[in-house]
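Asker: Have a look at this one.
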Amino acid sequence: MIGGLHDVQVPAGAQAQAIAGLWHWLLPICTLVFVAVMVALGLALWRAPRAGNDAEPDVSALWRPEPKVKRTVIAAAAVSALLLLVLLGESVLTDRALAQLPLENALHIELTGYQWWWEARYDDPDPSRIFTTANELHVPVGRPVIVTLIGADVIHSFWVPSLAGKKDLIPGRDTTVSFRADRAGIYRGQCAEFCGYQHAKMALYVIADRPEAYARWAERQRAPAPQPSSDEAKRGRDLFLARSCALCHAINGTSAQARHAPDLTHVASRMTIGAGALENTPSNREAWILDPQQFKPGTKMPSENIAPQDLAALNAYLGSLQ
Ligand code: CUA
């Protein structure tokens, strides 16, 4: 299966770094408090006077002055308040750090969450340079990224732990999240808000490339789909356009322009299919086209009744869409 770094404790960007920093305050302080409370509870139980079931209740402690206990309680309350203040201060500072990411020359991506996949539209001042892809973002290392989050059907949540914190995609209420990847690598993201049957299979990969590699990738994505070079792939394209595939998917450079499912213009360049459900290999693609419900029950893509030689042609065409 496709891996990718998915770890809040291994930050690869400024945002995740700030959040990991907060965690390094929270974890020891809360552990310390927990242990102290448990020790105090244990001591209290151990020191409590033992009594049988029929003994008279001993309420003498209600009138007995206990200056030592009083002092301990006051001291414990003061320490708790102080620790809470430290954590409050640290979270405010973290919030400020998150808000202060420099955003000059940011890359703009519009990310829409659907049940159960992600559509990414790479914005550009020049409309002819805008392109759309799915379930896999490429970003240049060191350049800030502003992602506009759009919920298309239900609430989803954007979460790429090694790069940034969580942010919900709420239908009718667009929000943004910004991050910067400081190290090249593959970072795994996951929808972090329960959004239905296949919520768990709603992965998102963020691939941070060196700027030149990113520019090459983006240039390739902008290009229309390559013309099929073999007869089989040509037949595959005709099948794609004639069958129900074109009712949901788009392939730029062909008449397929539907936007109900992932854009397939360069599907062969992606690591996975089905939003991380399967590795993008020829045999997996074939199995997926034949029966996606087997891998992702409830997905909107129906299982297809398709002759083996047609399936092979279709798959040859999709495999050529680099
Ligand atoms: Cu989308 Cu959970």
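The values are calculated or read from the model by the stated rules, or taken from the named source; none is laboratory data. This one's a predicted model, so the numbers in the text were calculated from it and none came from an experiment. Reconstructed Cβ throughout: ideal geometry from the backbone, glycine too, with neighbour counts over all protein chains shown. All accessible areas refer to the heavy atoms of the entire protein, side chains included, with ligands and DNA or RNA removed. Shrake-Rupley method; radii C 1.70, N 1.55, O 1.52, S 1.80 Å.
Asker: With open to solvent by less than 100 Å² (accessible area, probe 1.4 Å) and either modelled with pLDDT under 95 or touching a Cys at 6+ places or on another chain (Cβ under 7 Å) (or both) as the only criterion, which of 43, 32 stands out? Show your work before the answer.
Answerer: Details: 32 fails: open to solvent by less than 100 Å² (accessible area, probe 1.4 Å).
Answer to the selection: 43.
Asker: Then there's this: Let me confirm something: among 163, 241, which residue is more than 16 Å from the ligand (Cβ to nearest atom), open to solvent by 30 Å² or more (accessible area, probe 1.4 Å) and aliphatic (A, V, I, L, M)? Before the answer, list the steps.
Answerer: On the way: 163 fails: open to solvent by 30 Å² or more (accessible area, probe 1.4 Å).
Just a single option satisfies the conditions, and that option is 241.
Asker: Taking region 143-160 as the search range and keeping residues that are within 12 Å of the ligand (Cβ to nearest atom) and among the aliphatic types (A, V, I, L, M), which one is farthest from residue 197 (Cα to Cα)?
Answerer: Taking the candidates together, the pick is 149.
Asker: Does residue 147 qualify as being open to solvent by less than 80 Å² (accessible area, probe 1.4 Å), among the β-branched types (Val, Ile, Thr) and modelled with pLDDT under 95?
Answerer: Details: open to solvent by less than 80 Å² (accessible area, probe 1.4 Å): yes; among the β-branched types (Val, Ile, Thr): yes; modelled with pLDDT under 95: no.
Criteria not met by residue 147.
Asker: If you don't mind, another one. With the condition being in contact (Cβ under 8 Å) with a residue 12 or more places away in the chain and among the hydrophobic types (A, V, I, L, M, F, W, C), I'd like the helices (runs of 4 or more DSSP H) fully within region 192-306 carrying at least 3 qualifying residues.
Answerer: Output list reads 211-222, 231-242, 282-290.
Conditions (1) farther than 25 Å from residue 223 by Cβ; (2) over 25 Å from the mean Cα position of the chain (by Cα); (3) not in a loop (DSSP other than H, G, I, E, B), marked per residue:
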{"position": "93", "(1), (2), (3)": "yes, no, yes"}
{"position": "103", "(1), (2), (3)": "yes, no, no"}
{"position": "111", "(1), (2), (3)": "no, no, yes"}
{"position": "153", "(1), (2), (3)": "yes, no, no"}
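Asker: Residue 208: closer than 21 Å to residue 298 by Cβ and open to solvent by less than 60 Å² (accessible area, probe 1.4 Å), yes or no? Step through it out loud before you land on a result.
Answerer: Numbers: closer than 21 Å to residue 298 by Cβ: no; open to solvent by less than 60 Å² (accessible area, probe 1.4 Å): yes.
So residue 208 does not fit the description; no.
Asker: Select from region 175-192 the residues that are within 19 Å of residue 101 (Cβ to Cβ) and within 16 Å of the ligand (Cβ to nearest atom) and write down the one among them that is most open to solvent (accessible area, probe 1.4 Å).
Answerer: Within region 175-192, the match that is most open to solvent (accessible area, probe 1.4 Å) is 175.
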